[in-house]
Structures are given as C-alpha cells and as structure tokens.
Amino acid sequence: MRTPEEIHKDSRDLAFKRYDAVLRYLIYENTVYWTRSSFFLAANAGLFGFIASKLPYSPREILGAQGAVVAAGCLAGLLLSVLWHWALASGEYWIKRWENICLSLEAEAFGEIEIWRNSRPAGRDTGKRVTHQTATLFTALWSLALAYVAILMCLKCFTGASSDPLPPLAFFLVCSR
C-alpha cells in the first residue's frame with residue numbers, strides 16, 4: 001500500500017506535468033502572436049512605402065492605371081490593418097486562456113510559490129499596447145491615403161484636369177466598381 005507521502009509526491013508530479021504542458025501551449029501562443037504581429041508590421045510598412053512612393057501630388061498627375069493601382073493598394077492596406085486587429089484579438093484570447101489555466105494549476109503544482117498569482121501588473125501589457133497602437137496607426141494612414149486618392153480622382157473627374165489617355169467618365173466608372 002502507498003504511503004500518504006508517495007501519493008502526495010505523485011500528485012505533485014502530475015500537477016507539474018499538467019502545468020508544463022499548459023505552459024508550453026502558452027509559449028506557443030505567445031510565439032505565434034508576436035510572429036503574426038511582425039508579419040503584419042512588415043507587410044504594412046512595405047506596402048505603405050510602395051504606395052507612398054506612387055501617390056500623386058495633384059489631380060493632373062493621376063493617370064488611369066496609376067490611380068487604380070494606388071487606390072487598390074490603399075484598400076489592400078486597409079484590409080491588412082483590419083486583419084491585423086483581428087489577429088491581435090484572437091491571439092490575446094488564446095494567450096489569456098492559457099494564462100488563466102496556468103493560474104488555476106499553479107497552487108497545486110507550486111504550493112505557496114507564486115509564479116503567476118499576484119505577480120502580474122494590472123492593465124494591459126506595454127508591448128501589446130504598442131502593437132495595438134501601431135495597428136491603429138496603419139489603419140489611420142491607410143484611411144487617409146485612400147481619402148487623398150479618392151479626392152484627387154474626384155477632382156480630376158469633375159474639373160477635367162486631363163492630359164490622361166483615359167477619359168474622366170471612363171476613369172470614374174473603372175474606379176467605382
């Protein structure tokens with residue numbers, strides 16, 4: 001028959017194994033979160049650099065194909081930023097889930113030692129806050145760039161500032177699709 005000390009030791013070993021498995025999921029989710037954030041940052045920055053280099057200074061400088069490419073690029077960037085926000089929310093859900101499970105297993109695995117309990121600062125993590133602010137910044141930049149291009153295209157269509165091979169009405173129809 002097993003002694004109470006052996007049962008306690010086995011129960012503690014099982015608690016450590018559970019905690020270890022959950023901690024590995026937490027580490028995985030954190031890695032995925034920051035990898036995705038890095039991808040979205042690089043993709044947004046690269047696309048914005050390309051689009052910013054193609055932005056015209058006046059309605060006369062917007063050519064039919066260039067205006068369509070710039071507008072499509074702005075829409076793609078806006079979509080990319082929205083997807084970034086969704087990826088952040090999804091990743092934070094999973095990270096929070098695994099953190100809460102770690103919290104619930106901690107007392108059984110470590111007893112009085114507090115790894116997660118009572119040792120985390122209140123509020124959001126600074127790194128995650130900066131990531132959210134960066135995603136919001138890109139959303140605002142894409143919105144402004146799209147509005148700028150739309151205003152220039154409307155000015156070109158309605159003022160007839162054209163040395164363009166594409167007539168203003170056809171240009172407007174192409175962009176409104």
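Quick note: the coordinates plus some simple rules give every number you see, no bench work behind them. Remember, predicted model here, so these are calculated numbers, not experimental data. No Cβ is skipped: glycine too gets one built from the backbone with ideal geometry, and neighbour counts run over all protein chains shown.
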Label-point separation in nm, residue 25 to residue 144, each point 7 Å along Cα→Cβ: 4.2 nm
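At 0.692 mPa s and 37 °C, plugging the Kirkwood radius over alpha-carbon pairs of the stretch 12-147 into Stokes-Einstein gives what diffusion coefficient in µm²/s? Could you put the intermediate results ahead of the total?
Values: Rh = 17.6 Å.
The calculation lands on 187 µm²/s.
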Residue 42 versus residue 100: modelled label distance in nm, points set 7 Å from Cα along the beta carbon direction: 3.3 nm
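Filter the chymotrypsin sites (Phe, Trp or Tyr not before Pro) in the stretch 15-66 to those in DSSP coil with at most 11 other Cβ atoms within 10 Å of their Cβ, and list the result. Don't skip to the answer; put the middle values down first.
On the way: sites: 16, 19, 25, 28, 33, 34, 39, 40, 48, 50, 57; in loops: 57.
Counting only loop positions with at most 11 other Cβ atoms within 10 Å, the chymotrypsin sites (Phe, Trp or Tyr not before Pro) in the stretch 15-66 are 57.
Can you sort 95, 151 so the residue with the fewest Cβ neighbours within 10 Å comes first? Mind showing how you got there, number by number?
On the way: 95 19, 151 11.
Going from least to most buried by this count: 151, 95.
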Hypothetical label at residue 83: residues of the stretch 21-40 whose amide nitrogen lies under 13 Å (7 Å Cα-Cβ projection): 36-37, 39-40
Sorted by Cβ neighbour density within 10 Å, fewest at the top, the residues 139, 131: 139, 131
